[in-house]
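The values are calculated or read from the model by the stated rules, or taken from the named source; none is laboratory data. Keep in mind the model is a prediction, meaning the values are calculated, not measured. We place every Cβ from the backbone using ideal geometry, glycine too, and count neighbours over all the protein chains shown. Note: areas computed on protein heavy atoms with side chains; ligands, DNA, RNA excluded. Shrake-Rupley method; radii C 1.70, N 1.55, O 1.52, S 1.80 Å.
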Amino acid sequence: QVQLVESGGGLVQPGGSLRLSCVPSGSIFSIYGMGWYRQAPGKQRELVASITIGGSTIYVDSVKGRFTISRDNAKNTVYLQMSNLKPEDTAAYYCNRARGTLWDWGQGTQVTVSS
């Protein structure tokens, strides 16, 4: 079973930036499209960004122009660069497959945007 380890979250002021990282265990990373999801308190988990094997990306409207998803297959890592953060971006962030049967969720990394 793949284990997902997310990191890079923290407390940041509005307008600030963070870069999240996700490292799936094993060597199968490069054959899957990957996504970053987030779940705010009292809300459903949502897919906010995804990247295909070839590097094509899709973003939910609320983060377009502010978030950038990328992957480094050699390092077995997927990233989410977040800039111009807003209070409504506050959530726990998780990575997983972008589609198909999802792996078990990791612990996620908390992002809190507050002044």
Report the charge-dipole magnitude of the chain in Debye, nearest 20, computed about the Cα centre from +1 at each Lys and Arg Cβ and -1 at each Asp and Glu Cβ.
-> 120
Working with all protein chains in place, sort 72, 61, 104, 89 by solvent-accessible area computed with a 1.4 Å probe, largest first.
-> 61, 104, 72, 89
What lysines sit close enough to residue 43 to cross-link, taking a C-alpha to C-alpha distance under 18 Å and skipping anything fewer than 8 places away on the same chain?
-> 86
Whole-Hz couplings from phi, Karplus 6.51/-1.76/1.60, listed for segment 2-15; x for Gly and Pro | 6, 10, 10, 10, 9, 8, x, x, x, 9, 9, 7, x, x
Any idea of residue 66's accessible area? Nearest 10 Å², probe 1.4 Å.
-> 20
How high is the relative contact order of the chain, given as a whole-number percent (alpha carbon pairs under 8 Å, six or more residues apart)?
-> 38
Förster radius 25 Å - calculated FRET efficiency between residue 101 and residue 13, Cβ distance, rounded to 0.05 | 0.05
